[in-house]
Amino acid sequence: MSDTTQNPIPQAPSDEESAATVSAQTATSTDPLADAQAELVNLKAQNADLADQFLRAQADVQNARRRADDEIAKARKFAVEGFADSLLPVLDSLEAGLAIPNVTIEQIREGSEATLRQLKSALERNKVIEIAPPAGTKFDPHHHQAISVVPAEQEANTVVTVLQKGYSIADRVLRPALVTVTAPK
């Protein structure tokens, strides 16, 4: 089985294996079994390297998923923090108003109006927008809820009165405005 000519190596082995392969080839003549064994060693090393890369990539994906889940949980837990912070001055005003003894009706009214302004300001800062359509506005079922239909001189399906204001947050309706609308003629 010895052959005096040397066959080239089919795949480039790693540095460690190529030195062993070259010394084996120079010491003896090349035979197919030695070439196959050298290739097997090379493929086993590549397989081990790819398996290690796969495990590391899998661990990276699991870590990224865990970090994302943690961030989502924190966002849900503290989402209301900014809103609550803007409502605390309103709470302070209400408590301060109740702590005053011998209050007159005028003082109660002034305090209530000031507290209402604070509350509206806090809601606006948090993108909670009032829905209060003026009379004559076209009825919009996405923002209004018709409670009753009344005959009127206005065009059909227009708002006559607002019974209760509605509110939206970031273009999403929290509560539609309760309205009466005109009947078709």
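The values are calculated or read from the model by the stated rules, or taken from the named source; none is laboratory data. It should be emphasised that the depicted structure is a prediction, and the values quoted were computed from it without experimental measurement. Virtual Cβ from ideal backbone geometry, glycine too; neighbours counted across all protein chains shown.
Numbers below:
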quantity	calculated
Flag if Glu153 is modelled with pLDDT of 95 or more and exposed (fewer than 12 other Cβ atoms within 10 Å of the Cβ)	no
Pick from segment 156-185, criterion farther than 22 Å from Leu119 by Cβ and exposed (fewer than 12 other Cβ atoms within 10 Å of the Cβ), ranking: farthest from the chain's Cα centre (by Cα)	Lys185
Meets criteria (touching a strand residue (DSSP E or B) at 6+ places or on another chain (Cβ under 8 Å) and either at pLDDT 90 or above or part of a helix (DSSP H, G or I) (or both)) for Pro134	yes
Selection within segment 78-127 - more than 22 Å from Ala170 (Cα to Cα), in a loop (DSSP other than H, G, I, E, B) and not β-branched (Val, Ile, Thr)	Pro101, Asn102
Matching option when the condition is at pLDDT 90 or above, touching a helix residue (DSSP H, G or I) at 6+ places or on another chain (Cβ under 7 Å) and not assigned by TED's automatic domain parsing to the domain that holds Thr115, among Ala24, Ala34	Ala34
Scan of segment 144-185 for residues that are in contact with a Gly (Cβ under 9 Å, 6 or more places away or on another chain), among the charged types (D, E, K, R) and part of a strand (DSSP E or B), ordered by number	Arg175
Pairs where the first residue, in segment 103-127, is farther than 28 Å from Gly166 by Cβ and modelled with pLDDT of 95 or more and the second is assigned to a helix (DSSP H, G or I) and not hydrophobic (A, V, I, L, M, F, W, C), C-beta under 7 Å, 6+ apart	none
Check on Lys74, of a type outside the set (Val, Ile, Thr) and in contact with a strand residue (DSSP E or B) (Cβ under 8 Å, 6 or more places away or on another chain)	no
